Amino acid sequence: MKIFSGTSNEPLAGRIAKLLDMPLGDVEITRFIDNECRVFVREDVSGQEVFVVQSLSEVADQHLVELCLLGSAIKNLGATKVTAVIPWMGYSKQDKAFRKGEAISSQLVAKFIEAAGFDAVISVELHSENVLPFFRIPVIEISAHELLRETLFSSERNFTSENAVVVSPDKGGVSRSERFAEKAGLSTVYLMKHRDTATGEVTVDGIEGAVDGKAVIIFDDIINTGATAVTTSKFVKEKGATSVYFLATHAVLAGHSAETLSQSVIDKVIVTDTIAVPTTKHFATLDVVSVSSLLADAIMQQTK
Ligand code: R5P
């Protein structure tokens with residue numbers, strides 16, 4: 001078995017390889033002067049089971065092509081099975097044509113990955129249940145919910161059903177938040193979030209349940225622009241929440257969102273490293289917890 005890394009999240013790939021007690025595969029990834037990508041796998045993978053770690057994070061287009069070139073090169077060298085380990089499945093937000101004339105991006109991405117020769121995919125929390133059926137190869141989906149919950153509760157030990165609640169930021173997050181709340185022995189409060197599809201502006205139109213005098217845990221899958229995190233946190237604080245903890249699996253942290261989050265009313269933001277968070281985007285209230293052991297376990301399961 002061998003593990004290779006693309007360039008999008010080498011720290012995570014390194015952590016996974018370390019846990020599996022093996023070096024990362026030797027590959028050269030360069031760009032021609034016109035910015036086209038070239039990969040050169042410099043070791044023998046013939047007859048081996050190979051895993052390629054690559055998040056489809058910014059710049060997603062480039063990282064996708066890189067992943068596909070890696071898969072193709074490794075398959076051409078005679079690997080028996082090649083699995084794409086894609087901690088963050090970029091393009092998964094566009095899982096349907098929201099307006100007539102739009103592409104179903106995540107469906108096409110699935111086709112690219114299959115066309116490159118990958119035999120399977122391991123990913124962490126796909127943004128929507130619509131994404132899975134786009135793949136004809138097996139997809140193993142890992143959850144980071146337990147990891148986030150444990151991380152929060154290891155530092156904040158005093159939450160009880162009397163003094164804390166879980167808040168679902170929007171309709172899409174209801175079942176995720178309810179599962180989280182149930183495991184934590186807390187109740188769920190529901191927000192009616194609205195996003196203007198033209199401007200991207202996020203507003204909260206209502207709340208079902210009470211947060212007054214309570215610590216609030218908001219649980220989401222992605223922090224992209226940070227608009228959801230900042231707006232919902234401000235809303236619950238104005239409704240009397242004593243503190244706000246915002247948990248999310250994927251830290252896309254687009255544009256100036258890290259700066260905006262650092263200046264927000266959120267007391268702690270906890271995310272995972274499915275996407276590499278550069279030091280320039282770290283801020284005092286941000287904790288990044290690694291999914292490396294979850295992915296290393298998933299890889300081990302595949303090789304059994
Ligand atoms: C929405 O469907 C998602 O669960 C997230 O709430 C959303 O992607 C977060 O985006 P942003 O950070 O731009 O508000």
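Values in this text are rule-based calculations from the coordinates and carry no lab data. Because the structure is a prediction, the values reported are computed rather than measured. Cβ coordinates were reconstructed from backbone atoms using ideal geometry, including for glycine residues, and neighbour counts include every protein chain displayed.
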Filtering segment 208-222 down to residues that are within 19 Å of ASP267 (Cβ to Cβ) and within 16 Å of the ligand (Cβ to nearest atom), which residue is surrounded by the most Cβ atoms within 10 Å (Cβ to Cβ)?
ILE217
I'd like to verify a number: residues in segment 237-247 that are within 15 Å of the ligand (Cβ to nearest atom) and either in contact (Cβ under 8 Å) with a residue 60 or more places away in the chain or among the charged types (D, E, K, R) (or both), how many?
1
Verdict on LEU126 being of a type in the set (A, V, I, L, M) and within 16 Å of the ligand (Cβ to nearest atom):
yes
Being farther than 17 Å from ALA120 by Cβ, without any contact (Cβ under 8 Å) to a residue 60 or more places away in the chain and out of contact with any Lys or Arg (no Cβ under 7 Å at 6 or more places or on another chain) is the requirement here; does THR7 meet it?
yes
Is it the case that some residue within segment 273-283 is of a type in the set (D, E, K, R), farther than 27 Å from PRO11 by Cα and surrounded by fewer than 22 Cβ atoms within 10 Å (Cβ to Cβ)?
no
Single unsatisfied condition, LYS183 versus (1) away from the ligand (no atom under 14 Å from the Cβ); (2) buried (at least 17 other Cβ atoms within 10 Å of the Cβ); (3) of a type in the set (Lys, Arg)
(2)
Looking at segment 148-165, can you tell me whether even one residue there is within 19 Å of LYS237 (Cα to Cα), within 14 Å of the ligand (Cβ to nearest atom) and either among the basic types (Lys, Arg) or touching a residue at least 40 places away in the same chain (Cβ under 8 Å) (or both)?
no
Looking only at segment 198-207, which residues are more than 10 Å from the ligand (Cβ to nearest atom) and crowded, with 19+ Cβ neighbours inside 10 Å?
VAL204
